[in-house]
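Asks: Mind having a look at this structure? Questions to follow.
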Amino acid sequence: MAYSGLASYINRLEELGDMHRIKTFADPVLEIAEITDRITKNGGKALFFENTGTRFPLLINAFASDKRIAMALGRKDLDEAAEDIVSLFETLSNSGGNFLKKISSVTDLIRITGYLPVRVRGNGACQKIIIKDTDLSILPVLKCWPFDGGRFITLPMVHTVHPLTGKTNVGMYRMQILDKKTAAMHWQLHKTGANHFDAWKKAGKRMPVSVGLGGDPVYTYAATAPLPENIDEYILAGFLRKKKVKLVRCITNDLYVPYDADIVIEGYVDPEEEPVWEGPFGDHTGFYSLADWYPRFHVTCITHSEKAVYPATVVGIPPMEDAWLTKATEKIFLAPLKLALQSEIEDFHMPDAGVAHNLVIVKIKKSYPGQGKKVISSLFGAGQMMFTKYLVVVSGETNIRNYREVAEHIFENTDFRSDLLFNSGPLDVLDHASDTFSLGGKLGVDASVKLKDELSGRNNDSNGEIMISEEVPESLRIKMSEKCTNQHFVSGLPVMVAGVNQESNSSAVDDLKKEIREINPEGLKLIIAVDHTLDLSDLFTAAWLILGNSDPRRDIELISDNLLFLDGTIKAFHNYGFPRRWPNVVVSSEETVNAVDRKWESLNIGPFLVSPSCKNRRLRRDGNDEVSVNP
């Protein structure tokens, strides 16, 4: 099913009873984000704010359920979308020729189905109202978190074109409002938008940029999809919605945008102009991404449809709305991944706690020795998979979305001496734990079931029963408690999480490792150090922090053949120091939480929900380190 603008999608949400229409005024500065955070983390409905203090209503949380993300793609469920992609790529794989020829024929195959985008003459519905005296303050742009550098457009579809090849791109890059006529454009160095920018700079020309907001929600997904640079995002959108995307020329530049977009912001970036200081921003990692220099976007025109709706999202400590966009990618891109890289891949999963890049679990059909390591090596160099920090490969009947099963499988099939593949390479620029910006350690774990030829020389206990008893020996508890403030033994697994207080002892992690070496605790395979402020029984939050706060090459140590130590603490407290600034976690202020508490009943969106920030605030460090000052 294709939608005509967000209004069409909103009508469908209401028909299904899957949206709250909120008439009470909610401030785009902090309040809407706080309300949405409570709803999203509790599995709530989409939210439609009618009164934003501007002429535009606002839709948020529109993708945050299995049903809504499938509906946004025009399908009854994600499996249906995946089946269509599988069918397409099965046709592709049977078409003969080498891989590059197959990929180049994707466009031809989709052209046959009639879903290629088409350019139409005249104005589109998105250009019903044309505003040339531009003023970005007419939009209900959100400030989501208290230490954000300002208001940010969070669901922009940024349209660019390469000056020489004419290849177009639609990417999703946050935009910070600077004033009524300019914004900072946060396209990261690995992104196509940044590549286009460099090309325009070399050409010595001003770069046209147009930003679409809203329209058929499938456009938003397509802008986030990990497509090769030579594949137009609107080809994917047309294929998913089973209807070609109509594009219209912008008013003040030569770019083309969807006919049915709700709002379009046209403009340009001048490569000769000095960059602007952008950020901080409470990001999808759950931490503030620190401020940095980015290009300035100049607005030349704003157009919108007659009943335009402003779309937004909030990111922060997971799970948030972006988790469902990741789920869609898992389903839709499995078939291309198998064709392009490894036919033995049966499934892959990006857990919510891993915020897309920090952890990927891959399941393979194994048939020869070393196959798990081969897959790891291949994936670490594949497209956006290159940003993966921890990559785990399993085989057999393990359900990779059942984390206890995965953990048991890892311990049963992994020899720490031979199955851990440490490497270094590109990381997402938002990763804060590596010593070097956008470059750091990686770990591939070959937890595939080992064949006979792979078992020679392995630890005797690396395969077989490894789980400690439900009752941890009291003697072990006492010994381990001497160097940690609190401890949690994960039931049925050989894992202990130890809390350490680095604020009172900067050598706490080193002291703990020394103690572990001395007692060499039997029955344990993995000991993880975390900061004492963490509730150790909250394993989801623990996993998120550990993955985010660690660099595998620096922070993992093999204490003995059978015992691994992982430092998941804040590195800024370590006695050896940290070369970069360490960001704080993202939570609402007490003032905002209290304001929403008082307003909750008037919102008419169901029973009172406690703010997630009340629990997560204890994870913050004291100080205002996330406030970046223009240098």
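The values are calculated or read from the model by the stated rules, or taken from the named source; none is laboratory data. It should be emphasised that the depicted structure is a prediction, and the values quoted were computed from it without experimental measurement. Neighbour counts are summed over all protein chains in view; Cβ atoms, including those assigned to glycine, are modelled from backbone coordinates with ideal geometry.
Asks: Within the bounds of segment 37-45, is there any residue that is over 20 Å from the mean Cα position of the chain (by Cα) and modelled with pLDDT under 95?
Replies: For segment 37-45, residues over 20 Å from the mean Cα position of the chain (by Cα) and modelled with pLDDT under 95: absent.
Asks: Another question about this same structure. Check segment 420-430 and report whether any residue there is under 30 Å from VAL314 (Cβ atoms) and among the acidic types (Asp, Glu).
Replies: Scanning segment 420-430 turns up at least one residue that is under 30 Å from VAL314 (Cβ atoms) and among the acidic types (Asp, Glu).
Asks: Scan segment 53-87 residue by residue and report those that are aliphatic (A, V, I, L, M), farther than 28 Å from THR303 by Cβ and in a loop (DSSP other than H, G, I, E, B).
Replies: Selection gives ALA64 alone.
Asks: Go through segment 346-378 and count every residue that is crowded, with 20+ Cβ neighbours inside 10 Å and over 18 Å from HIS409 (Cβ atoms).
Replies: Matching residues across segment 346-378 total 4.
Asks: While we're on this one: Out of TYR221, TYR234, TYR288, report the one residue that is within 30 Å of LEU539 (Cα to Cα) and part of a helix (DSSP H, G or I).
Replies: TYR221
Asks: Taking segment 1-60 only, how many residues are hydroxyl-bearing (Ser, Thr, Tyr) and touching a strand residue (DSSP E or B) at 6+ places or on another chain (Cβ under 6 Å)?
Replies: 2
Asks: Could you check GLU229 against (1) under 24 Å from ASP431 (Cβ atoms); (2) in a helix (DSSP H, G or I) and say which number it fails?
Replies: (2)
Asks: Another one. If I ask for residues that are farther than 23 Å from ARG404 by Cα, of a type in the set (A, V, I, L, M, F, W, C) and outside any strand (DSSP E or B), which ones from segment 479-508 would you list?
Replies: MET480, CYS484, ALA508
Asks: Moving on. Filtering segment 149-166 down to residues that are assigned to a loop (DSSP other than H, G, I, E, B) and hydroxyl-bearing (Ser, Thr, Tyr), which residue is surrounded by the fewest Cβ atoms within 10 Å (Cβ to Cβ)?
Replies: THR165
Asks: For segment 258-281, indicate whether the set of residues that are in a strand (DSSP E or B), touching a helix residue (DSSP H, G or I) at 6+ places or on another chain (Cβ under 6 Å) and aliphatic (A, V, I, L, M) is non-empty.
Replies: Yes, segment 258-281 has at least one match.
Asks: Looking at (1) at pLDDT below 95; (2) under 30 Å from ARG581 (Cα atoms), which is the one condition that is false for VAL276?
Replies: If we test VAL276 against (1) at pLDDT below 95; (2) under 30 Å from ARG581 (Cα atoms), just (1) comes out false.
Asks: Then there's this: Looking at (1) assigned to a helix (DSSP H, G or I); (2) under 28 Å from VAL593 (Cβ atoms); (3) without any contact (Cβ under 8 Å) to a residue 24 or more places away in the chain, which one does ILE32 not meet, given that it meets all the others?
Replies: Looking at each condition in turn, ILE32 falls short on (3).
Asks: Can I ask one more? For ARG598, are the conditions met, namely being under 27 Å from the mean Cα position of the chain (by Cα) and charged (D, E, K, R)?
Replies: No; evaluated as a whole, the condition is false for this residue.
Asks: Can you pull out every residue in segment 238-273 that is small (Gly, Ala, Ser) and either at pLDDT below 95 or not assigned by TED's automatic domain parsing to the domain that holds ILE129 (or both)?
Replies: Across segment 238-273, the qualifying residue is only GLY238.
Asks: Sticking with this one: If we scan segment 44-51, do we find a residue that is of a type in the set (S, T, N, Q) and surrounded by 22 or more Cβ atoms within 10 Å (Cβ to Cβ)?
Replies: Looking for residues that are of a type in the set (S, T, N, Q) and surrounded by 22 or more Cβ atoms within 10 Å (Cβ to Cβ), one finds none in segment 44-51, hence no.
Asks: Here are some conditions: (1) surrounded by 19 or more Cβ atoms within 10 Å (Cβ to Cβ); (2) touching a residue at least 24 places away in the same chain (Cβ under 8 Å); (3) not polar (S, T, N, Q). LEU236 meets all but one. Which one does it not meet?
Replies: If we test LEU236 against (1) surrounded by 19 or more Cβ atoms within 10 Å (Cβ to Cβ); (2) touching a residue at least 24 places away in the same chain (Cβ under 8 Å); (3) not polar (S, T, N, Q), just (2) comes out false.
Asks: Here's another thing I want to ask about it. Can you tell me which residues in segment 344-373 are in a helix (DSSP H, G or I), more than 17 Å from LYS442 (Cβ to Cβ) and in contact with a strand residue (DSSP E or B) (Cβ under 8 Å, 6 or more places away or on another chain)?
Replies: Of everything in segment 344-373, those that are in a helix (DSSP H, G or I), more than 17 Å from LYS442 (Cβ to Cβ) and in contact with a strand residue (DSSP E or B) (Cβ under 8 Å, 6 or more places away or on another chain) turn out to be ALA353, GLN371.
Asks: Quick one: count up the residues across segment 286-310 that are touching a residue at least 24 places away in the same chain (Cβ under 8 Å) and either among the basic types (Lys, Arg) or farther than 24 Å from ASP133 by Cβ (or both).
Replies: Residues that pass the stated criteria total 9.
Asks: Next question, about the same structure. Condition check: of a type in the set (Val, Ile, Thr), at pLDDT 95 or above and in contact with a Ser or Thr (Cβ under 7 Å, 6 or more places away or on another chain). Does VAL360 satisfy that?
Replies: So VAL360 passes the test.
Asks: Which of the residues that make up segment 320-343 are outside any helix (DSSP H, G or I) and either modelled with pLDDT of 95 or more or in contact with a Ser or Thr (Cβ under 7 Å, 6 or more places away or on another chain) (or both)?
Replies: MET320, GLU321, LEU341, GLN342
Asks: Hey, ILE376 hits all of (1) farther than 23 Å from VAL429 by Cα; (2) in contact with a Leu (Cβ under 6 Å, 6 or more places away or on another chain) but one; which does it fall short on?
Replies: (1)
Asks: Going by the conditions given, is PRO521 at pLDDT 90 or above and touching a Leu at 6+ places or on another chain (Cβ under 8 Å)?
Replies: no
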